[in-house]
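In what follows, a single structure is set out as structure tokens and then discussed.
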Amino acid sequence: MFVQYIYFAIALLGVIVFLFLNRRFFKWLQNKIGRLENNIFFNNTKFSQFFRFITPRRERHILTFLLRLLKISIIFIFCIFYLPFLFSLVPQTKEYADIVLGYIKKPLLFLYDGLVGFIPNLFFIVVIFFVTKYLLRFLKYVTTELEKEAVRLDGFHADWARPTFNLLRVFIIAFALIIVFPYIPGSDSPAFKGLSIFFGVLFSLGSTSAISNIVAGVVITYMRPFKVGDRVEIGNTIGDVTERSLLVTRIRTIKNLDVTIPNSSILGNHIINFTKNAAEDVGIILHTSVTIGYDVVSNDVIKALITGAKHTKFVLIDPSPFVLIKNLDDFYVNYEINVYTKDPDKSALIYSTLHENIKNELHNAGIEILSPHYHAVRDGNVLTVPPENVPENYVVSGFNINKKG
């Protein structure tokens, strides 16, 4: 009995010695770290930036934190395994020490048996992993060749290659996980099944709109209504497409505003692409209207409109601008001037310059624009043109009153 207490005292002295040496060792390491002035461990710029993102201080503070964590972990593991051994030397506490040792052995044996039993399944998982990895590499190589148009498939456009690869990658990885899932340790346990059901329900309830946007994004990809860089009109938004993903499409308007539109909204709206046909020989047609009175000869109006259009920058001379008489309204004739351009991204500037030029040409020709509604009573009214365009012999007439005897 006395010998057992001596062993207990020696073992207890071992605890004190261990704690003393552990404290001295980590204090020595702490002093070494405290003298660090340069980043000698994290020479990689990206790695160093990552640690600076975690903490704005220097790397020695990060290493200090890691050392403290390591010190506490070592002491904790030592106490778990050494204290039951220590108290097993005393008869009064040996029974309780054996119980604690049993608690420790049980999860360790479980982990050991699971690891030994998992080794055959591990080889199967490794094979599936490498087959999936090299299959994706092969598909990525084919995708790159299709994007460069080094390989061509009938009916398959080059801009379909990347989204098709992304979809196939998702399906291949999902299929590989389904095959591997039964071979994962604990996959058949009730806790694992319950957790899987919970996340499945959570995903299905919270991702309805996201899934609709993804489906719409896939449909839009293969519809090919636009690509990045195109000038488009979607709903009431006009601008250039800056980004296209499975969830949203981003457009930068002519006012330099970024507009994010969900793909499901795009699929439910009409889409006007100004860029798609602009590269062709004739370009695209921009048009605007002007209203002129019935007393003006149509040929004079058409000549002035075409002259103003030809003086407009970014408007093509060939094909030549043309005029359509759209309506014969109550007070005026509606003329539509149509011009060709290959610069749809400058449509706002083209419209502004076109309006200014046709206004000036009409004024120079002495033709008044009747966009404001004028009544039919004209006696006594001055022409609504700039004064310098009024004819020299023009005289304002008075009201004519006819009397019957």
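The values are calculated or read from the model by the stated rules, or taken from the named source; none is laboratory data. None of the values given here were measured: they were computed from a predicted structure. Cβ coordinates were reconstructed from backbone atoms using ideal geometry, including for glycine residues, and neighbour counts include every protein chain displayed. The protein model used for the area step is the full one, side chains on, heavy atoms only, and it has no ligands, DNA or RNA in it. Shrake-Rupley method; radii C 1.70, N 1.55, O 1.52, S 1.80 Å.
The table below lists the values:
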quantity: The range 199-292 - percent of accessible surface contributed by carbon and sulfur, probe 1.4 Å; calculated: 60
quantity: Under 14 Å, Cβ to Cβ, from residue 161 - net charge with Lys/Arg +1 and Asp/Glu -1; calculated: +3
quantity: Cross-link pairs 106/133; 140/346; 326/346; 148/342; 276/326 - those with Cα-Cα distance over 32 Å; calculated: 106/133; 140/346
quantity: Hull-based mean projected area of the range 245-340, where the convex hull spans the alpha carbons, in square nanometres; calculated: 9.1
quantity: Cα Rg over Rh - the range 331-374, Kirkwood; calculated: 1.04
quantity: Sum of side-chain charges, residue 302 neighbourhood, beta-carbon under 14 Å (Lys, Arg +1; Asp, Glu -1); calculated: 0
quantity: Descending semi-axes in whole angstrom, ellipsoid equivalent of the range 282-335, from the Cα gyration tensor; calculated: 23, 12, 8
quantity: Net charge of Cβ neighbours under 11 Å - reference residue 272; Lys, Arg +1; Asp, Glu -1; calculated: 0
quantity: The range 108-177: trypsin sites (Lys or Arg not before Pro) in DSSP coil with no more than 14 other Cβ atoms inside 10 Å; calculated: 148, 152
